[in-house]
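Just so it is clear, none of the values below were taken in a lab; they were calculated from the coordinates. Everything numeric in this text was worked out from a predicted model, so none of it was measured. For neighbour counting, all protein chains shown are included, and Cβ atoms are generated from backbone atoms with ideal geometry for every residue, glycine included.
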Amino acid sequence: MKIEVELVTEPIETRWTPPIAAPSSGAVAEFRGIVRGEENGAAISALRYEAYETMARREMTRLLDEAAATHPCERAVVWHRHGWIPVGEIAILVWIEARHRGPAFALLAAFMDRLKQDVPIWKVEVAP
Amino acid sequence: MKILFFAMAREAAGCASDELQVPEPIAADEVWAALIAKYPALAPLRGVARLSRNDEYADADARFADADVVAVIPPVSGG
C-alpha cells in the first residue's frame, strides 16, 4: 500500500487537493476529524495540538502498514494538523483508496482507533 | 542521553528537553528513577506515560544507551 503522512500547521482546508484515484481503485473513504466547539462540557473557540513530529509520522506509517496487512488497500494519505486549530476546522484528514469499499472502511476505522492510542499527538490547550 | 518531554510531561518538567548523564546501558526503570530524581513533578506520570527510544515505543525490557533520544510520552489525544 502506498502511504503518505504529513503533519501540517496551516489549515488543511486550503491546502488539500484530493488525489486522483488509480484506475484499479473502486472505493475512496475520506474522513475529516473536526475540532468541536466543546471540550469537557465547556464551550471553546480553538484547541492547541502538540506533536512529537518525527515519531508521530513514523507511528502513523507503522499503524497504516500494520492495518493494511488485514485490510488490503491501494493508498492511504493522512494529514494531521497541529498548533492552534479553530473550532470547525479539520484536525485530521484521512484518505483511503481501495479496490472495494469493505477494506477502505475497515482500514480507516482500524487506523483511527490505533491513532488515538499510540500516535504521539496531544490536545494541550483550549481557548474559551 | 537526550530526553524530550511532551504535553503533560513538558509541563511537569518545566522544559521541553534535557541531557541526562547516566551509566549505560540503562533499563527503563532506571531512566524513570533518574528522571524523577531530577524532576520530582514527573512522579505521577510514571505508570501512565510511556518511554520511546529513537522515535519508537520502548519495550519493558529495553536497554537505553547514551546516544539514544528518549521521550516521555504521556497518554495521547490526537485525531
Please report the Cα spread of segment A:9-128 along all three principal axes, rounded to whole Å, starting with the longest. 46, 26, 26
To test your reading of the geometry: what angle, between 0 and 90 degrees and rounded to tens, separates the Cα axis of helix A:53-70 from the longest principal axis of chain A? 40 degrees
Show me A:37-44, A:75-82 ranked by packing, highest mean number of other Cβ atoms within 10 Å first. A:75-82, A:37-44
Average other protein chain Cβ within 10 Å of Cβ, residues A:47-58: 4
Taking only Cα atoms and a 10 Å spring cutoff, compute GNM fluctuations for chain A and point out the largest among A:ILE12, A:ILE90, A:ILE20. A:ILE20
To the nearest whole number, what is the average tally of beta carbon atoms from other chains within 10 Å of the beta carbons of peptide B:36-42? 0
Most packed first (mean Cβ within 10 Å per residue), the peptides A:55-65, B:65-75 order as A:55-65, B:65-75
Shielding of B:52-60 by partner chains, average beta-carbon count, 10 Å: 3
Taking Cα atoms only, helix A:101-118 is inclined relative to the longest principal axis of chain A by an angle, in degrees rounded to 10, of 40 degrees
With no solvent and one point per C-alpha, what does the Debye sum give as log10 I(q)/I(0) for segment B:2-73 at q = 0.24, 0.26 Å⁻¹? -1.14, -1.37
Taking all pairs of distinct Cα atoms, average 1/r, flip it, and tell me the Kirkwood hydrodynamic radius of the protein assembly as shown in Å to one decimal place. 18.3 Å
What does the net charge come to around B:ALA27 if you take all other residues with beta carbon closer than 15 Å to its beta carbon, with K and R at +1 and D and E at -1? -3
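Take peptides B:10-23, A:100-113 and line them up by average Cβ neighbours within 10 Å, highest first, as a rough protection proxy.
Working: B:10-23: 13.6, A:100-113: 17.9.
Averaged packing, sorted descending, gives the order A:100-113, B:10-23.
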Under 5 Å between amide hydrogens, which residues at least 5 positions from A:GLU74 or on another chain qualify, with H placed 1.01 Å from N in the peptide plane? A:GLU97, A:ALA98, A:ARG99
